[in-house]
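The values are calculated or read from the model by the stated rules, or taken from the named source; none is laboratory data. As the structure is a prediction and not an experimental result, all values here were calculated from the model. Ideal geometry is used to build each Cβ from the backbone, glycine not excepted, and the neighbour counts take in all protein chains shown.
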Amino acid sequence: MQIKLDDLRGPEIAALLQEHLDDMAEHSPPESVHALDLEALRQPDISFWTVWEDEQLAGCGALREIDDSHGEIKSMRTAQNFRRCGVGATLLCHILDEAKHRGYQRLSLETGSMAAFEPARQLYRHYGFKTCEPFADYKLDPNSYYMSLKL
């Protein structure tokens, strides 16, 4: 697997992110969908990576800077045909390393509270993330599950 800093211009990433947005809309009410579209992911406070296996897009993920000491994981997604192959773990480790390199003291994320999001929550728990209160601009929402890791 190869991880690349991505400019979000390729058709493969557009398709994977649309799949991500569609999946979020299927499992969460509109007011609880916090997934970002292509344009939002191109903001200067966000770094975005893709994972490739040969010429196939295997997954993606982003790191948003909340402030000098706090980052947020965004848009973690594994392509359907690469599920359970270690893509999420590989990318999460890359994002953790980057957050430490930047000097962040804390890394947080928001995911869904429904059963469909349990595999993601298990992955984050495995790497030490703990349940936390809403952070940054998030508000308490029964459809959201907030997690954080002290670095």
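Could you list, in sequence order, the residues of the range 35-45 that are in contact (Cβ under 8 Å) with a residue 24 or more places away in the chain and more than 16 Å from Tyr138 (Cβ to Cβ)?
Leu38, Leu41, Arg42
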Single unsatisfied condition, Glu98 versus (1) more than 20 Å from Arg64 (Cβ to Cβ); (2) modelled with pLDDT of 95 or more; (3) of a type in the set (Asp, Glu): (1)
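If you go through the range 92-115 one residue at a time, how many are out of contact with any Cys (no Cβ under 7 Å at 6 or more places or on another chain), small (Gly, Ala, Ser) and surrounded by 13 or more Cβ atoms within 10 Å (Cβ to Cβ)?
Within the range 92-115, the first condition is being out of contact with any Cys (no Cβ under 7 Å at 6 or more places or on another chain), and the residues that meet it are 92-107, 109-115.
When the remaining residues are screened for being small (Gly, Ala, Ser), the result is 99, 103, 112-113, 115.
So of that shortlist, the ones also surrounded by 13 or more Cβ atoms within 10 Å (Cβ to Cβ) come out as 99, 112-113.
Looking only at that region, the number is 3.
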Near pairs, Cβ below 8 angstrom, 6+ apart or cross-chain, from the range 10-27 (under 20 Å from Ser144 (Cα atoms) and in a helix (DSSP H, G or I)) to any residue that is of a type in the set (Asp, Glu) and modelled with pLDDT of 70 or more: Leu17/Asp37; Leu21/Asp37
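Does Met76 qualify as being in contact with a Gly (Cβ under 6 Å, 6 or more places away or on another chain) and not charged (D, E, K, R)?
Yes.
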Residues of the range 65-77 satisfying the condition of being modelled with pLDDT under 90 and either in contact with a Lys or Arg (Cβ under 8 Å, 6 or more places away or on another chain) or polar (S, T, N, Q) (or both): Ser75
Among the candidates Leu36, Leu109, residue that is among the aliphatic types (A, V, I, L, M), out of contact with any helix residue (DSSP H, G or I) (no Cβ under 7 Å at 6 or more places or on another chain) and either modelled with pLDDT of 95 or more or assigned to a loop (DSSP other than H, G, I, E, B) (or both): Leu36
Counted residues, the range 69-92 - those being touching a strand residue (DSSP E or B) at 6+ places or on another chain (Cβ under 6 Å) and either charged (D, E, K, R) or in a strand (DSSP E or B) (or both): 9
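Conditions tested, residue by residue: (1) touching an Asp or Glu at 6+ places or on another chain (Cβ under 7 Å); (2) under 19 Å from Gln2 (Cα atoms); (3) touching a residue at least 12 places away in the same chain (Cβ under 8 Å).
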{"residue": "Gly71", "(1), (2), (3)": "yes, no, yes"}
{"residue": "Leu91", "(1), (2), (3)": "no, yes, yes"}
{"residue": "Ile95", "(1), (2), (3)": "no, yes, yes"}
{"residue": "Gln105", "(1), (2), (3)": "no, no, yes"}
{"residue": "Glu110", "(1), (2), (3)": "no, no, yes"}
Close pairs (8 angstrom Cβ cut-off, 6 or more residues apart or separate chains): among the hydrophobic types (A, V, I, L, M, F, W, C) in the range 117-146, not in a strand (DSSP E or B) anywhere: Phe117/His27; Ala120/Gly88; Leu123/Gly88; Leu123/Ala89; Leu123/Leu92; Leu140/Glu133; Leu140/Pro134
Residue that is farthest from Ile46 (Cα to Cα), among those in the range 93-130 that are in contact with a strand residue (DSSP E or B) (Cβ under 6 Å, 6 or more places away or on another chain) and polar (S, T, N, Q): Ser113
